[in-house]
1. Any idea what diffusion coefficient segment 94-186 gets from Stokes-Einstein, in µm²/s, Kirkwood Rh on alpha carbon pairs, 37 °C, 0.692 mPa s?
2. Evaluate the relative contact order of segment 1-124 (contact order divided by residue number), counting alpha-carbon pairs under 8 angstrom at least 6 apart; express in whole percent.
3. Based only on other Cβ atoms within 10 Å, what is the fewest-to-most ordering of Thr53, Thr8?
4. Counting only residues 5 or more places away or on other chains, whose amide H sits under 5 Å from the amide H of Arg127 once H atoms are built in the peptide plane?
5. Using the number of other C-beta atoms within 10 angstrom as an exposure proxy, rank Met70, Met156 with the fewest first.
6. Quick one: which residues, 5 or more positions from Ala132 or on another chain, have an amide H under 5 Å from its amide H? H modelled 1.01 Å from N in the peptide plane, none for Pro or chain starts.
7. Based on the alpha carbons, how large is the Rg to Rh ratio for the chain when Rh follows Kirkwood?
8. Checking the cross-link filter: which lysines have an alpha carbon closer than 19 Å to that of Lys163, excluding same-chain neighbours under 8 positions apart?
Amino acid sequence: MQPVILHTKRMELSAPTEADIDQITHICQDEDILKWTTVPSPYSRADAEFFVTQIVQPGWESKVALTWAMRQGGDLIGMISLTALDESMYELGYWMAPIVRGQGLMVEAVQRVADYGFAADGLNLGRIEWHAYVGNAGSASVARRSGFTYEGLLRMEGLQRGKRHDSWVAGLLPTDDRAEKPGWPA
Ligand SMILES: CC(C)(COP(=O)(O)OP(=O)(O)OC[C@H]1O[C@@H](n2cnc3c(N)ncnc32)[C@H](O)[C@@H]1OP(=O)(O)O)[C@@H](O)C(=O)NCCC(=O)NCCS
């Protein structure tokens, strides 16, 4: 499929391109992104180039991974993606530049991407799944405020650069409302 452009109140979401490589490299030096995601560490310009040309572009073509750069006034401020786990279930992933955190922008992007995913012709999404390593309170807040239901702790489910971690898992269904659900870890 062709990359899709989405708009929210405060952002444009569009596929990252080669013009974004320097900014992605810069943001991915952030220690929280390195700590809580599977991006390579240390993160080099070649890693950003690989991401854009070997993950983002083929991902859209095959529908295996739909990746959007979050943009504000032309600046790339974050990344959000849906990656296929099977033919009708995708995993949500995201990171945000430290300088713009804490403004609810990630929740805004998640809502828009979920709306798109559940409505898109040809995706047939029956579930969006969220995983985070246990302790990632920022990511859990985003999923909770986006209406995901906390479903449990999966022992040693996460694999990050060869090391396994316990994961929290949550899900969002097309029939769910987006109100916050009880039961999230404190
Ligand atoms: C997770 C991340 C995207 C959140 O970005 P953000 O801009 O703070 O998100 P929002 O502004 O939409 O915040 C949503 C909620 O998260 C809360 N939050 C953000 N960071 C937090 C933290 N470190 N600890 C606790 N709560 C946090 C915010 O306070 C807000 O909650 P509130 O509305 O109840 O106050 C950002 O911290 C990040 O990029 N982290 C590193 C990468 C990462 O963890 N990715 C997810 C992997 S599963």
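1. 233
2. Relative contact order, segment 1-124: 24 percent.
3. Final ranking by Cβ density, sparse to dense: Thr53, Thr8.
4. Residues meeting the criterion, in which the H sits 1.01 Å from N, are Tyr90.
5. Lowest to highest Cβ neighbour count: Met156, Met70.
6. For Ala132, whose amide H was placed from the backbone, the distant partners under 5 Å are Trp168.
7. 0.93
8. The qualifying lysines are Lys35.
Coordinate-derived values only; no laboratory data. These numbers come from a predicted model, not from an experiment. Quick reminder, even Gly has a Cβ in these numbers, built from the backbone with ideal geometry, and neighbours come from all protein chains shown.
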